[in-house]
Amino acid sequence: MKVSLDHIGIAVGDLEAALRFYRDALGLEVSGSEEVAIQRVRAHFLMLGDSTGADSEDARAALELLEATGPDSPIAKFVDKRGPGLHHITLSVDDIRATMARVSARGAKLIDEHPRIGAEGALVAFVHPSSTHGVLIELKQSASGGRRPAVEDQTIRRFVLGDLELVSLYDGFFRLDGGSMFGTVPRSLWSSQVTPDARHRIPLAMRPLVVRGARTMLVDAGIGDKEHEKFCDIYGVERGRNLDHALAEAGLGPEDIDLVLATHLHFDHAGGFTIRDAAGRVRPRFPRARYVVRRGEWDDATHPHERNRASYLPDNFQPLAEAGVLELVSDDQTIMPGVRVRRTGGHTDHHQIVVIDSGGQQAAFVADLMPTTAHLPPAWIMGFDLFPMETLTAKKNFIREAVDRHTLVFFEHDPRLAAGYIQLENGKPRILGTVGSHGARDGHDESL
Ligand SMILES: [Zn+2]
Ligand SMILES: [Zn+2]
């Protein structure tokens, strides 16, 4: 765990006088200012360290002069009560959630129970001065997390489907052997679609989906953060931007999720169902949620064999049963208004996709039936699939339906495209990408 100084916040009463010292007398460069309207604060940043490029921008700490913009600003109150002076110290950490768990396990009082989204998409949380010997400490995990993502930065995508809002989230990237990902398809063919790394792996995203309607449902939850370094190395896990960022970006906290729905229980789908708490116990990550799992998938996951054992990690699902939040469903059925599960089999015996209907429009979250857009050709089937002929039939049926119904298809593992439509071109299916909207609630699809 690396902790470094990001910046020091100083509350000032008279900004011009403060700049005469820090900028003019000390000679620090002012790198910019930012107004936080809701807090009635304006922040001015002065960079420390070497400005000639010897120190990278990220490595340079800063001073932040905080100026009140109204009499009811917390900074105005601070200055009134204590005079100008040190307001907070911001420490940058690799993994804010791990740091929060660690300090709270040792008795520190956190002001924020969950990380919040701060400037530039960073995750931030404050530790109470009563635990830090009098200094307000802000923890910060920058958006890039120190490690650059494999393909591109991820962002949430919003879609409106009838009465429902669909938000495609992300939980970072991982990597799997390219040969395994395309089964019997020769490398000479698949490598024209996707380039493997030096360890023969291809990048895959994890994109859980939120459905907001009668309830707020999360479909799958990514790989989570319980695994060790060796696991993360083998699978090339890169979660600098992860489900915490995505949920915060969507305006949701863990307590907002009513239902968690599993397509199946492989670790790249169910890893985020649970979390290791400060005491080292694994517990459900979404405190209010019921977790809906297909009964056959549950039975298989809890009775693994040599072929599927590595994909089913008990910590991802066993604690759900222990906590009494597990809901097993046996057949294809409606999970909440507009949202149905449909068994495809193939990848696992009880693998299911999620079909969403509202206002005469359809969307589908196809999970490992078609993990990426490169898996559109019916015979491009993963070597991991236990019943590839079932995958073949289910995929052909699905593609026909998706073309007929103009279904918005969510690709859970595609590193670039979260969702698109399947269209026929000269009788052959192809994918038309759609980017959704980034921020607005009334997102309109835009064709690429
Ligand atoms: Zn799977
Ligand atoms: Zn998968």
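Points to keep in mind about this one:
- Flag for Val185 being closer than 24 Å to Phe267 by Cα and surrounded by 15 or more Cβ atoms within 10 Å (Cβ to Cβ): no
- Scanning region 207-263 for residues that are among the polar types (S, T, N, Q) and outside any loop (DSSP other than H, G, I, E, B) gives a single hit, Thr216.
- Candidate set from region 253-277 (those that are farther than 23 Å from Thr334 by Cβ, in contact (Cβ under 8 Å) with a residue 40 or more places away in the chain and more than 16 Å from ligand 2 (Cβ to nearest atom)); member that is surrounded by the fewest Cβ atoms within 10 Å (Cβ to Cβ): Asp277
- Filter result for the condition that a residue is in a helix (DSSP H, G or I), under 21 Å from Gly224 (Cα atoms), within 16 Å of ligand 1 (Cβ to nearest atom) and free of Cβ contacts under 8 Å to residues at least 24 places away in the same chain, over Ala310, Ala301: Ala310
- Residue in region 365-404 that is nearest to ligand 2 (Cβ to nearest atom), counting only those that are within 25 Å of the chain's Cα centre (by Cα) and part of a helix (DSSP H, G or I): Asp368
- If you check Pro284, Pro304 for being closer than 25 Å to Met100 by Cα and surrounded by 12 or more Cβ atoms within 10 Å (Cβ to Cβ), only one passes: Pro284.
- Of the residues making up region 332-352, those that are farther than 22 Å from His303 by Cα and assigned to a strand (DSSP E or B) are Thr334, Ile335, Met336, Val339, Arg340, Val341, Arg342.
- The single residue among Ile335, Ile353 that is among the hydrophobic types (A, V, I, L, M, F, W, C) and within 16 Å of ligand 1 (Cβ to nearest atom) turns out to be Ile353.
- Residues in region 175-195 that are more than 18 Å from Ile234 (Cα to Cα) and not in a loop (DSSP other than H, G, I, E, B): Phe182, Arg187, Ser188, Leu189, Trp190.
- Any chance Thr274 is within 16 Å of ligand 1 (Cβ to nearest atom) and of a type in the set (S, T, N, Q): no
- Test for Thr348: is it closer than 20 Å to Lys395 by Cβ, in the same structural domain as Arg294 (by TED's automatic domain parsing) and not charged (D, E, K, R): yes
- Pair list, Cβ under 7 Å, 6 or more apart: region 370-396 residue closer than 21 Å to Val355 by Cβ and within 14 Å of ligand 1 (Cβ to nearest atom), other residue charged (D, E, K, R) and part of a loop (DSSP other than H, G, I, E, B): Pro371/Glu412; Thr372/Asp414; Phe387/Asp349; Thr391/Asp385
- Annotation note: of Ala379, Ala394, the sole residue that is surrounded by fewer than 19 Cβ atoms within 10 Å (Cβ to Cβ), assigned by TED's automatic domain parsing to the domain that holds Asp268 and touching a helix residue (DSSP H, G or I) at 6+ places or on another chain (Cβ under 9 Å) is Ala379.
- Residue in region 282-292 that is within 16 Å of ligand 1 (Cβ to nearest atom) and either in contact with a strand residue (DSSP E or B) (Cβ under 6 Å, 6 or more places away or on another chain) or at pLDDT 95 or above (or both) present: no
The values are calculated or read from the model by the stated rules, or taken from the named source; none is laboratory data. Predicted model only: the values in this text are computed from it and were never measured. Heads up, the Cβs are rebuilt from the backbone with ideal geometry, glycines too, and the neighbour counts pull from every protein chain shown.
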